[in-house]
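No value in this document is a laboratory result; all are computed from the given coordinates. Keep in mind that this is a model prediction, so the values were computed, not measured. Quick reminder, even Gly has a Cβ in these numbers, built from the backbone with ideal geometry, and neighbours come from all protein chains shown.
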C-alpha cells in the first residue's frame, strides 16, 4: 500500500505531514486487516493499484493519496480505450479501498469519477462475454467418450459435479473427499466450505444427482485417496499427487468440451438448464450460491423471456 505515497524532497510542511499521516494509517490498516480478506482479494487490489501507478508515472499524474477526482477520471478515460467497463470499475473500487484504508474519503463517488464511469458505460456495451454454456446434451456427449481409466473417471466426475453443483473453479479444486456425502436415495450432497460470496467461511450445501454421485464414487475408489485429501488429484508422470489447480481444471474442460469452453461453462449451462426446466429464479440462486439475482438473471435471460408475461399471454391466446 505504501506504493501510493509519492516521494519528493521539496514539499510544503503540511503536505509532508499528510503523507506521514497516510503512511501511518496504511501501516496500521495492514496490521489490523490481517486475515480479514482472502488472498485473491488482496492480490487483485495490489494488481489494480499497480496498473494505476504505472499509468500515473507514464502520464505525469500524481500517484499520492489522496488522489484527485480529475486524475482518476483521466485514468478511467484512458483505461476505457481497451478495457471493459467492469474492469475499469474494479480499478476504481481498489483505489477506493486504499482511500478507506488511509481513512480518507473514497475518490469513486466524486462527480468527476462517477461521470467518467457513466460515460464509459454509455460508450461501450456493458454486457460481458458469457462463457459458452455446457448444457446437458454437451455434457452427455463428452461423457460418452470417456472410459474407465483413472483420468477419464476423474474428468467425468469433475464435469458432472460442476454441472450439478454450479461450483466455480476455485470451489471445485478445493473440494476434499470428506466434503461429499451420500444419501439413502442415491443422491449426494457437497459441502462448499468457502466461496467467492462467502469469505467468512460459513459454508453451504449443494445437491448431487445420483448419476453424478456414482461418477464421483467411481473416481474416489479408483484413486484410493483418504477423506482428508483433495477430491480431484493431478495425474500423469509429472504429477506430484496434490490437488489440481484452477488452471488444470480449465485445461480439462477445454480438452473434453472444446476450446470455446471454460470451467465457468458448467455454471452457466447448469443455470440455463434449470431455468429451461422451470426452476424458479430464487431456487436457482440458492443452488448456485448467488447472494443476489443479478447473475442468474443474466445467465437465464433467454429462458426467462419464454416465461415472461408476453409468453404467458401468447399461450393463453392459443398462439404458442
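Quick look at the values:
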{"item": "Angle in degrees between helix 69-79 and the longest Cα principal axis of the chain, rounded to the nearest 10", "result": "50 degrees"}
{"item": "Cα-based shape type of segment 44-120, given that a ≥ b ≥ c are square roots of the gyration tensor eigenvalues and the cut on a/c is 1.5", "result": "rounded"}
{"item": "Separation between Cα centres of segment 270-312 and segment 77-125, rounded to whole Å", "result": "30 Å"}
{"item": "Relative pair counts by distance (%), Cα atoms of the chain, 10 Å bins", "result": "5, 20, 25, 22, 17, 9, 2, 0"}
{"item": "Nearest-ten-degree value, helix 13-32 long axis tilted from longest Cα axis of the chain", "result": "20 degrees"}
{"item": "Percentage relative contact order, segment 136-305, counting C-alpha pairs under 8 Å, at least six apart", "result": "25 percent"}
{"item": "Average Cα contact separation per residue, the chain, under 8 Å, 6 or more apart, as relative contact order %", "result": "15 percent"}
{"item": "Cα gyration tensor, segment 136-305 - rounded (a/c under 1.5), prolate or oblate", "result": "prolate"}
{"item": "FRET efficiency estimate (nearest 0.05) - Cβ-Cβ, residue 111 to residue 136, R0 45 angstrom", "result": "0.40"}
{"item": "Nearest-ten-degree value, helix 210-223 long axis tilted from longest Cα axis of the chain", "result": "80 degrees"}
{"item": "Helix-only CD estimate at 222 nm, as mean residue ellipticity for the chain, using -39500 (n - 2.57) per DSSP H run (n ≥ 4)", "result": "-17000 deg cm²/dmol"}
